[in-house]
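Peer 1: Once you've had a glance at the structure underneath, I'll fire off some questions.
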Amino acid sequence: MNSFFSYRPSDLSRIPPRTQDSHKGSFGRVLVVGGSVCMSGAAYFAAKAAYRTGAGLVEILTHKENRVILQTQLPEAVLSTYGDDIASNRETIRAAVSRADVIVVGVGLGQSEAARELLSLVLSHADAPLVIDADALNLLARYGELWELISAPVIVTPHPLEMARLCRMDVSLIERDRLSAAINFAEKYALICVLKGHRTIVSDGSEARGLGDEHTVYLNHSGNSGMATGGSGDVLSGVIAALIAQKMPPFEAATLGVYIHGLAGDAAAETLGEYSVMASDIIDHISEIIKDCHEE
């Protein structure tokens, strides 16, 4: 029998506290790897969401064509760039990965051969926790050998279609039993699975291993239909990464990140209506959700 837990507003106190003698290094360095040509927005959403959730520094590793637009949109971010020849950019990629406390990879990455090479390098060199999303999930589904390159802790954040590709199942079967899909996938690959959708599920697979921990499967109750919009998932990846950067354990960061993301979406919908919410609106309301979480 499966056990579930959820959060309520008082649980926002779990967000790591900040002291007045802090500096940007105190709150961690997030690396966002993504943004292929004409897809810079995904990297922007993840990076800005990480900043809004409290990360001390965010670096974006992206295609050189995105340099000007990202430096204009988010001047707070540090940028590293690569060109079409991934092999000639190995040292830039390795150095960016080595600097990170947590890595978001896949947002707007594309599924080209260059994207596969880039993902391979990131997975091979990463020691910091990985938040794997979007095109990185699709590449892992297509090139199963990439799993063997991973030695770092992993959080995957698939929507049902991406999950179907990863599991090589019809999406209707995933939707029919989302709980089992999340638990079994997490168990198989020894990772944390955030299966997105209405009532997002988060599991580390321990229920399937029979460990009896009643707080293993998280069932989210925040969020609304307005969040079914392009870029919303990129925002979630940034939120989760920022919490990990602030030294929150990955499973707690995944669950609380999902909750904060949904609350920000609810606040945006309250202001704009569910028809009009965009990913940028979710980011704009993150601060509203967390700003008073440690008020006495």
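The values are calculated or read from the model by the stated rules, or taken from the named source; none is laboratory data. Quick caveat, the model's predicted, so the values are computed rather than measured. Note that we place each Cβ from the backbone using ideal geometry, even for glycine, and neighbour counts take in every protein chain shown. Just so you know, the surface numbers come from the protein's heavy atoms only, side chains and all, with ligands and any DNA or RNA stripped out. Shrake-Rupley method; radii C 1.70, N 1.55, O 1.52, S 1.80 Å.
Peer 1: Return the only residue of Ala141, Ala136 being at pLDDT 95 or above, farther than 18 Å from Gly35 by Cβ and in a helix (DSSP H, G or I).
Peer 2: Details: Ala136 fails: farther than 18 Å from Gly35 by Cβ.
Going through Ala141, Ala136 in turn, just one is at pLDDT 95 or above, farther than 18 Å from Gly35 by Cβ and in a helix (DSSP H, G or I): Ala141.
Peer 1: Report yes if some residue within the stretch 42-54 is of a type in the set (A, V, I, L, M, F, W, C), open to solvent by 70 Å² or more (accessible area, probe 1.4 Å), touching a residue at least 60 places away in the same chain (Cβ under 8 Å) and not in a loop (DSSP other than H, G, I, E, B); otherwise report no. Give the derivation first.
Peer 2: First pass over the stretch 42-54, keeping only residues of a type in the set (A, V, I, L, M, F, W, C): 42-43, 45-47, 49-50.
Now narrow it down to the ones that are open to solvent by 70 Å² or more (accessible area, probe 1.4 Å): none.
Checking the stretch 42-54: not a single residue is of a type in the set (A, V, I, L, M, F, W, C), open to solvent by 70 Å² or more (accessible area, probe 1.4 Å), touching a residue at least 60 places away in the same chain (Cβ under 8 Å) and not in a loop (DSSP other than H, G, I, E, B).
Peer 1: A follow-up question, please. When the residues of the stretch 109-133 are narrowed to those that are in a loop (DSSP other than H, G, I, E, B) and of a type in the set (S, T, N, Q), which ends up nearest to Leu166 (Cα to Cα)? It would help to see each step written out before you state the result.
Peer 2: First pass over the stretch 109-133, keeping only residues in a loop (DSSP other than H, G, I, E, B): 109-112, 126-129, 133.
Narrowing further to those that are of a type in the set (S, T, N, Q): 111-112.
Details: Gln111: 15, Ser112: 18 Å.
Here the residue is Gln111.
Peer 1: Looking only at residues that are open to solvent by 20 Å² or more (accessible area, probe 1.4 Å) and of a type in the set (A, V, I, L, M) in the stretch 135-165, which one is farthest from the chain's Cα centre (by Cα)?
Peer 2: In this case the residue turns out to be Leu149.
Peer 1: Gly197 is checked against (1) open to solvent by 30 Å² or more (accessible area, probe 1.4 Å); (2) over 20 Å from Glu117 (Cβ atoms); (3) out of contact with any Lys or Arg (no Cβ under 8 Å at 6 or more places or on another chain) and fails just one. What number does that condition carry?
Peer 2: (3)
Peer 1: Would you check if Ser172 is out of contact with any strand residue (DSSP E or B) (no Cβ under 9 Å at 6 or more places or on another chain), part of a helix (DSSP H, G or I) and modelled with pLDDT under 95?
Peer 2: Values: out of contact with any strand residue (DSSP E or B) (no Cβ under 9 Å at 6 or more places or on another chain): yes; part of a helix (DSSP H, G or I): yes; modelled with pLDDT under 95: no.
In short, no.
Peer 1: Let me ask another. Testing Leu263 on (1) closer than 16 Å to Asp11 by Cα; (2) touching a Ser or Thr at 6+ places or on another chain (Cβ under 8 Å); (3) open to solvent by less than 30 Å² (accessible area, probe 1.4 Å), one condition comes back false. Which one is that?
Peer 2: (3)
Peer 1: Within the stretch 1-37, count every residue that is open to solvent by 30 Å² or more (accessible area, probe 1.4 Å) and within 30 Å of Ser112 (Cβ to Cβ).
Peer 2: So the count comes out to 2.
Peer 1: Looking only at the stretch 136-165, count every residue that is closer than 14 Å to Ser203 by Cβ and in contact (Cβ under 8 Å) with a residue 60 or more places away in the chain and tell me the total.
Peer 2: Selection size over the stretch 136-165: 2.
Peer 1: Can you confirm whether the stretch 110-125 contains a residue that is closer than 15 Å to Val239 by Cα and either surrounded by 24 or more Cβ atoms within 10 Å (Cβ to Cβ) or at pLDDT below 95 (or both)?
Peer 2: The answer is no; no qualifying residue exists.
Peer 1: List pairs: first residue in the stretch 214-240 and closer than 21 Å to Ala186 by Cβ, second residue β-branched (Val, Ile, Thr) and in a helix (DSSP H, G or I) anywhere in the structure, Cβ distance under 6 angstrom, at least six positions apart or on different chains.
Peer 2: The qualifying pairs are Tyr218/Thr255; Asn220/Val258; Val239/Ile260.
Peer 1: Just checking, how many residues over the stretch 56-91 are of a type in the set (Val, Ile, Thr) and touching a residue at least 24 places away in the same chain (Cβ under 8 Å)?
Peer 2: 5
Peer 1: Further, regarding this structure: Hey, can you tell me all the residues within the stretch 166-203 that are in contact (Cβ under 8 Å) with a residue 60 or more places away in the chain and of a type in the set (Phe, Trp, Tyr)?
Peer 2: Across the stretch 166-203, there are no qualifying residues.
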